[in-house]
Structure formats: structure tokens, C-alpha cells
1. Six or more apart or on different chains, Cβ under 7 Å: which pairs go from a residue in the range 83-108 that's in a strand (DSSP E or B) to one that's surrounded by 16 or more Cβ atoms within 10 Å (Cβ to Cβ) and small (Gly, Ala, Ser)? Could you list them?
2. Under 6 Å by Cβ, and 6 or more places apart or on different chains, what pairs join a residue from the range 6-32 that is touching a residue at least 40 places away in the same chain (Cβ under 8 Å) with one that is away from the ligand (no atom under 16 Å from the Cβ) and among the hydroxyl-bearing types (Ser, Thr, Tyr)?
3. Is it the case that the range 220-233 has a residue that's in contact with a Leu (Cβ under 7 Å, 6 or more places away or on another chain) and within 14 Å of the ligand (Cβ to nearest atom)?
4. What about LYS199, is it open to solvent by 30 Å² or more (accessible area, probe 1.4 Å), more than 16 Å from the ligand (Cβ to nearest atom) and either part of a helix (DSSP H, G or I) or not β-branched (Val, Ile, Thr) (or both)?
5. Residues ASP10, ASP36: which one is within 21 Å of ILE237 (Cα to Cα), within 12 Å of the ligand (Cβ to nearest atom) and touching a Phe, Trp or Tyr at 6+ places or on another chain (Cβ under 6 Å)?
6. Which of (1) touching a Ser or Thr at 6+ places or on another chain (Cβ under 7 Å); (2) outside any strand (DSSP E or B) does LEU171 not meet, given it meets every other one?
7. Is at least one residue of the range 206-213 in a strand (DSSP E or B) and touching a helix residue (DSSP H, G or I) at 6+ places or on another chain (Cβ under 8 Å)?
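The values are calculated or read from the model by the stated rules, or taken from the named source; none is laboratory data. Quick caveat, the model's predicted, so the values are computed rather than measured. Cβ coordinates were reconstructed from backbone atoms using ideal geometry, including for glycine residues, and neighbour counts include every protein chain displayed. Keep in mind that these areas ignore ligands, DNA and RNA; they rest on the heavy atoms of the full protein, side chains included. Shrake-Rupley method; radii C 1.70, N 1.55, O 1.52, S 1.80 Å.
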Amino acid sequence: MNNRPIGVFDSGLGGLTVLKELQKTLPNENFIYIGDTAHVPYGNKSKGSIYNFSKKIINYLNTHNIKLIVAACNTVSSTILSDIKRITPIPIIDVITPLGDFFSSQKIKKIGVIGTRNTIKSNFYNRLIKKYNSKSEIFSKACPMFVPIIESGLSNHKIARIMGEEYLEELINNNIDFLVLGCTHYPLLKPMLKQILPKNIAVVDSASVTAHYIQKHLLAKDSLSSNNAPGKIEIKITDNSTEFNKEAKLFFDNKLNDI
Ligand code: DGL
């Protein structure tokens, strides 16, 4: 048993989609969430900058006696994971590797992957899918405007739909069977994406798979919390952002304390 908190971080709002699933799966754990609103978006930045931002966050989390770090960001997970694993003895779990089981359970399919420029350029998803499902065809598309739209509180605005139609056209024309949301921000666009996509295309994201993967990890290490009461969530951001506060509270049905 281990009652230390779990650290979760992302460039902004996206990691909250993972945090919400973590809280659902592990309700008695304590969480500290960092949204790097001073530097969002990570998706177009250099590896060096993403490493420096992540290192600062990890050093900060390390001062809070955490037992595990969740890199709730596909961009971090696909570009600098091995580098950040070297700077801390605390285990770091990413949000892409847990999808391995999902890909291996699928028949040969046409798979669409959307993500930030950095995630798509890294080919991390392509390698993972090929490892578990070598005959699948993969169609990737970078969607760099999605994160700024979400961080500006415009997920339900027509601008989100216009960009969605633009980005998804090519994937739909390639007759994909399912679409992987390779960015933790994108589940916030799910209602809009589902309106655009033909009904036969399933939408997949890694939040709930990652939460169950972490539960298994903690169980295997005998590190689950022994609390019987619901755990605490602390949310911190690196720059003041009213949009973040508003969107985060909405996303957690106004059940969050101060950010
Ligand atoms: N939510 C992140 C991801 O999963 C970061 C996106 C960004 O900051 O560009 O990639």
C-alpha cells in the first residue's frame, strides 16, 4: 500500500481527459495535476523545449513526494519519453504504450491516427500499431489547430467543426475503420468529430485504457492507496488562464476545488 499522490501532467487541458478516467478507475488515490498553460501548445515546439518544460514539471512533482508520474500528453510520450525517464527514479507511464493491447486485439484494419505535428512526425503510433498488428494500414494526419481551439474554449464553436471537416476529409476518403485520437486534448472534440465521421468509423482514445493500465501497474507493485475515502485532486497551472479554469471546471461538472 502506498498513499503518496500520483503526478499527472500535460501542456494544458488535455491531460484532464486522462485525469478524469484515472479518478473514475482509482477514486481513492490523490492526484496532483500540472497544466503547462505558459507553454501550450507543445505540439509544434522543438524537442529541446518540450524536454525543458517537462523536466521543470517533473522536478516540481518530485518535491511533492509522488509515487508515479503520468505523462498525460501524447507529444511528450512520443518525443522525449526515454529522456525524461532518465531524470527521475519515479516511474513514468505514458499514454500511448497502453494502447498496445487494444491494437493487438483488432483484426487487420485501416486505422486513422490524428495528433499534433510532433506526435505524427515521431511515427510512434505507426511503430506501435505495426508491432501489434503488422498488416494494418495506417493513415496519419497532424491537426495543429485543434489544441489552440480547445485551449481558447472554442470546442463547440463552428471554427472547430470547420477545422474538423478539413482535417478528417482525407482520412474519411481512405475508408478508415477507426480513428485514434492521438492527443489527450481531442476527446474534448468528440461530439463534433462524431458528427463529421460516418457512423461506421469508431473513435478510440487512450484515457480509459491508460487508467486501467495504471491500476494494474499499482496493483502489481502493491502501491494502491489504502484510503477508504475519495482521494483529493490538486490542479495547478503554470500561467493564469481564465479559459483553463472555466473549461476545467465544466469538464469536471463543477466538482473541482480551486485551481
Ligand atoms: N495534449 C497534448 C498531446 O496529447 C499536447 C498538445 C499540445 O500541447 O500541442 O499531445
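1. ILE92/ALA71; ASP94/ALA71; ASP94/SER77
2. Qualifying pairs under 6 Å: ASN28/SER225; GLU29/SER225.
3. No: the range 220-233 contains no residue that is in contact with a Leu (Cβ under 7 Å, 6 or more places away or on another chain) and within 14 Å of the ligand (Cβ to nearest atom).
4. On the way: open to solvent by 30 Å² or more (accessible area, probe 1.4 Å): yes; more than 16 Å from the ligand (Cβ to nearest atom): yes; either part of a helix (DSSP H, G or I) or not β-branched (Val, Ile, Thr) (or both): yes.
Yes.
5. Details: ASP10 fails: touching a Phe, Trp or Tyr at 6+ places or on another chain (Cβ under 6 Å).
After applying the criteria, what remains is ASP36.
6. (1)
7. No.
Let's see how each residue does on (1) within 15 Å of the ligand (Cβ to nearest atom); (2) in a helix (DSSP H, G or I):
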| position | (1), (2) |
| --- | --- |
| ILE138 | no, no |
| GLY153 | no, no |
| ASN156 | no, no |
| TYR167 | yes, yes |
| ILE176 | no, no |
| THR184 | yes, no |
